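The structure under discussion appears below in the form of structure tokens.
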């Protein structure tokens, strides 16, 4: 296939799947009238907080609640108003749906949230809603790539992601990034890139070198009751040591929330994408040491009669124009390139579990155009990995 043909196909797919800007613009204008968040000083750069939490679910929840209760309480009105406007629904209806979703949660996750709510001075139903917020809204616009083997410059597996999400008035998401290190009693230590109060996992890695991150999929519905996907990914980090274990856990969970999950395994230097639509999951493997995902299900995973597209568009397609072998700087360039970057990119990260480090940019948006700062993933004082 010629370069011109590939470019045309990629452009056609982009036009078919673009999120309507008018919808986002109208929503944000309405939110400006309803949010109560404090103003942000012009030109302020965003730096993440960091917190270590350890022990039982209750002890972990209490540590987060005591530290960030005030922040969590301040975030709640913005998130609730967002869902009320998008759903044209009442708080009572939204909370009833949240309680129904909670029936599928692991008891350990419920215990952690209850302890966090009590310590943080927030009603449990309010905190539960905050943890299920992403089940109520739709913004399919994220990008990821993992490289290893012949595609890695130094032999390390690298996992990079752009989190592309419309922030809200006064930038509550960008102002409140949290690097959360958790040592669960009886589980694997993990790191989550999150914000205060979100106890589940959208992006994270664990001591065994398993990294997971979620992209929402455009789909034609097929919703079902089940464990919310972000909580499934938290269980992956807490319990899985290999790529095979992680894929099997997700398949058995059949989580609710259509999504494309890139999972990488730094120990064995391999990666795969699990695509979730309704009660079905499909898995596709990496080729030539590289794999990426965006916000469409793929033909390569075996989907038919869906909103499908090519697996290499746009990230792998763009990466091949930049380099053949990649280090952290190369992947930062991929995340920032015009073919990949989106305006609502509020966080970008390149994770290097083998090197116990990550390169993180928290904005201002677009984050991938800002400076990436190196942070350690885990403290070196725990050789057990637990």
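The values are calculated or read from the model by the stated rules, or taken from the named source; none is laboratory data. These numbers come from a predicted model, not from an experiment. All Cβ positions, glycine included, derive from the backbone under ideal geometry; neighbour counts span all protein chains shown.
Quick check: is even one residue across segment 174-186 within 21 Å of residue 238 (Cβ to Cβ), touching a residue at least 40 places away in the same chain (Cβ under 8 Å), buried (at least 24 other Cβ atoms within 10 Å of the Cβ) and in the same structural domain as residue 275 (by TED's automatic domain parsing)? There is at least one residue in segment 174-186 that is within 21 Å of residue 238 (Cβ to Cβ), touching a residue at least 40 places away in the same chain (Cβ under 8 Å), buried (at least 24 other Cβ atoms within 10 Å of the Cβ) and in the same structural domain as residue 275 (by TED's automatic domain parsing). Entry remark, segment 145-165: residues being out of contact with any strand residue (DSSP E or B) (no Cβ under 7 Å at 6 or more places or on another chain) and either in a strand (DSSP E or B) or crowded, with 20+ Cβ neighbours inside 10 Å (or both) number 0 in total. Annotation: of all residues in segment 316-337 being more than 14 Å from residue 350 (Cβ to Cβ) and assigned to a helix (DSSP H, G or I), the one that is nearest to the chain's Cα centre (by Cα) is 316. Taking the numbered list (1) surrounded by fewer than 18 Cβ atoms within 10 Å (Cβ to Cβ); (2) not assigned by TED's automatic domain parsing to the domain that holds residue 313 in turn, residue 101 passes all entries but (1). Filtering segment 315-327 to residues that are crowded, with 21+ Cβ neighbours inside 10 Å and touching a residue at least 60 places away in the same chain (Cβ under 8 Å) leaves 315, 316, 319, 326. For segment 82-100, the set of residues classified as assigned to a helix (DSSP H, G or I) and either within 11 Å of residue 133 (Cα to Cα) or free of Cβ contacts under 8 Å to residues at least 40 places away in the same chain (or both) consists of 82, 83, 84, 91, 92, 93, 94, 95, 96, 97, 98, 99, listed by residue number. Counting only strands (runs of 3 or more DSSP E) that sit wholly inside segment 208-298, those with at least 2 residues that are in contact with a helix residue (DSSP H, G or I) (Cβ under 9 Å, 6 or more places away or on another chain), in contact (Cβ under 8 Å) with a residue 24 or more places away in the chain and within 20 Å of residue 137 (Cβ to Cβ) are 210-216, 259-265. Among the numbered conditions (1) out of contact with any strand residue (DSSP E or B) (no Cβ under 8 Å at 6 or more places or on another chain); (2) surrounded by fewer than 19 Cβ atoms within 10 Å (Cβ to Cβ); (3) outside any helix (DSSP H, G or I), the only one that residue 110 does not meet is (3).
Just one of the numbered conditions (1) surrounded by fewer than 22 Cβ atoms within 10 Å (Cβ to Cβ); (2) assigned to a loop (DSSP other than H, G, I, E, B) is not true of residue 340: (1). Scanning segment 343-353 for residues that are buried (at least 22 other Cβ atoms within 10 Å of the Cβ) and either closer than 11 Å to residue 366 by Cα or free of Cβ contacts under 8 Å to residues at least 60 places away in the same chain (or both) yields a count of 4.
Please pick out the residue among 251, 235, 269 that is surrounded by fewer than 19 Cβ atoms within 10 Å (Cβ to Cβ) and in the same structural domain as residue 149 (by TED's automatic domain parsing). Just one listed residue meets the conditions, 251. Taking the numbered list (1) in contact with a helix residue (DSSP H, G or I) (Cβ under 7 Å, 6 or more places away or on another chain); (2) over 20 Å from residue 152 (Cβ atoms); (3) modelled with pLDDT of 95 or more in turn, residue 338 passes all entries but (1). Quick check: anything in segment 131-144 assigned to a loop (DSSP other than H, G, I, E, B), in contact (Cβ under 8 Å) with a residue 24 or more places away in the chain and crowded, with 21+ Cβ neighbours inside 10 Å? Among the residues of segment 131-144, at least one is assigned to a loop (DSSP other than H, G, I, E, B), in contact (Cβ under 8 Å) with a residue 24 or more places away in the chain and crowded, with 21+ Cβ neighbours inside 10 Å, which makes the answer yes.
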